[in-house]
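Accompanying notes for the structure given below.
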Amino acid sequence: MSRCVRKDAGISYTMTAFPHSSRMSIRLFRLMILAATLMAGRVAAATVPNPTELTHQREQFPLVLETARHGPDDSWRKLADGLEDYPLFPYLELASLQRRIAQLKRPEVDKFLAAWPGSCGSCGVRRSTSWW
């Protein structure tokens with residue numbers, strides 16, 4: 001350990017230099033970069049959909065959509081198991097609502113609008129109902 005006394009503008013202070021401190025700082029910095037990279041990789045892997053699951057959802061969606069358009073009541077919901085995170089899921093609910101547009105109650109429409117605000121489907125429902 002070495003000491004150095006400096007006098008700048010009449011103020012004196014002592015600096016202590018540790019020869020191993022720079023090596024530890026570099027090691028710590030490398031460790032932090034490695035940890036951040038690993039964490040970012042885990043987050044990215046968690047957000048990427050499984051290609052096999054996405055393919056299955058693409059195959060399942062048209063069948064469920066036809067059931068939502070023409071099937072009895074909410075029978076399409078049983079078939080939609082596994083599609084909840086599919087990007088086109090709101091269109092299943094929209095198809096069901098459009099089929100029953102004349103009998104819809106306001107709370108049911110409000111629930112749809114709250115679940116999918118700003119979606120194309122919500123604009124269509126607003127135009128189709130007389131409440132807005």
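The values are calculated or read from the model by the stated rules, or taken from the named source; none is laboratory data. Just so we're clear, the structure is a prediction, and the values are computed from it rather than from any experiment. Heads up, the Cβs are rebuilt from the backbone with ideal geometry, glycines too, and the neighbour counts pull from every protein chain shown.
Odds and ends about this structure:
- Enumeration of residues in the range 101-127 that are under 20 Å from L88 (Cα atoms) and of a type in the set (G, A, S): A114, A115, G118, S119, G121, S122, G124
- Which numbered condition T55 misses (of (1) surrounded by fewer than 10 Cβ atoms within 10 Å (Cβ to Cβ); (2) modelled with pLDDT of 80 or more; (3) not aliphatic (A, V, I, L, M)): (1)
- Any pair with Cβ under 6 angstrom, 6 or more apart, that starts in the range 90-116 at a residue that is surrounded by 11 or more Cβ atoms within 10 Å (Cβ to Cβ) and ends at one that is not in a helix (DSSP H, G or I): P90/W116; P90/S119; L92/A80; V109/T129
- Condition met for L83 (assigned to a loop (DSSP other than H, G, I, E, B), surrounded by 12 or more Cβ atoms within 10 Å (Cβ to Cβ) and hydrophobic (A, V, I, L, M, F, W, C)): yes
- Residues being farther than 13 Å from L65 by Cβ and assigned to a loop (DSSP other than H, G, I, E, B) - total across the range 88-115: 3
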